[in-house]
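Taking it in order: structure first as structure tokens, then the write-up.
The values are calculated or read from the model by the stated rules, or taken from the named source; none is laboratory data. What you are looking at is a predicted structure, and each value in this text was computed from that prediction instead of being measured. Just so you know, the surface numbers come from the protein's heavy atoms only, side chains and all, with ligands and any DNA or RNA stripped out. Shrake-Rupley method; radii C 1.70, N 1.55, O 1.52, S 1.80 Å.
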Amino acid sequence: MAEQFKYYTVSDFDRFDCVKLSKTIYLALAYLLRGYLVWMMSVTNFNDRVGIIQWIYPEPKLFYLNLASGSLGLLVLLLVSLRRPNANSWVKAVWPHTLKMILAALVIDSVIVFAGYYWWQLTDVSVMVAQLSIALIVAAPCLLSKRLKLNLVEFPEPLPEK
């Protein structure tokens, strides 16, 4: 058991003696929730509430499709937020499947981008290829991250009081 922790220092552990969450989770969430991030930037822009959305998503249907494809990312964000000692049993039961949810969300997002291009001609081929490439670039560290695999095995437990 100690073998898997030999490359980590004290600063790599959180206050519950779990390895801190992998940055790949945050990278995947940033990509999956990009539509929500754009929406939040637009809401906080008091001059023109839809200007940022229109600039990034010239076709409104793409924005709405991106919100739909990011909904599984919202579930992952909720799990990350609720991952703490004494969490509900459903959080503990679902947490080990977080990587599968991230990968499923990346696949769903890619299918929606492909469908937006192929059936509805909402984007051009360069945008579609770029989106699919980014999805693969995000998926690779998720699959290769030893820290993420360790995060999925661990779950914070309350530490005994001194």
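For the chain, what does the helix formula give at 222 nm: sum of -39500 (n - 2.57) over DSSP H segments with n ≥ 4, over the residue count, nearest 500 deg cm²/dmol? Taking each H run of at least 4 residues, the total per residue is -19500 deg cm²/dmol. The tail of the calculated P(r) for region 20-153 beyond 18 Å holds 57 percent of all Cα-Cα pairs. Computed with a 1.4 Å probe over protein heavy atoms only, the accessible surface of region 20-153 comes to 57 Å² per residue.
Accessible surface of region 20-153, 1.4 Å probe: 71 percent of it comes from carbon and sulfur atoms.
Length gained on full extension, residue 88 to residue 43, computed as 0.36 nm times the residue gap minus the Cα-Cα distance: 13.0 nm.
Extension gain, residue 59 to residue 136: 0.36 nm times the residue separation minus the Cα-Cα distance gives 25.3 nm.
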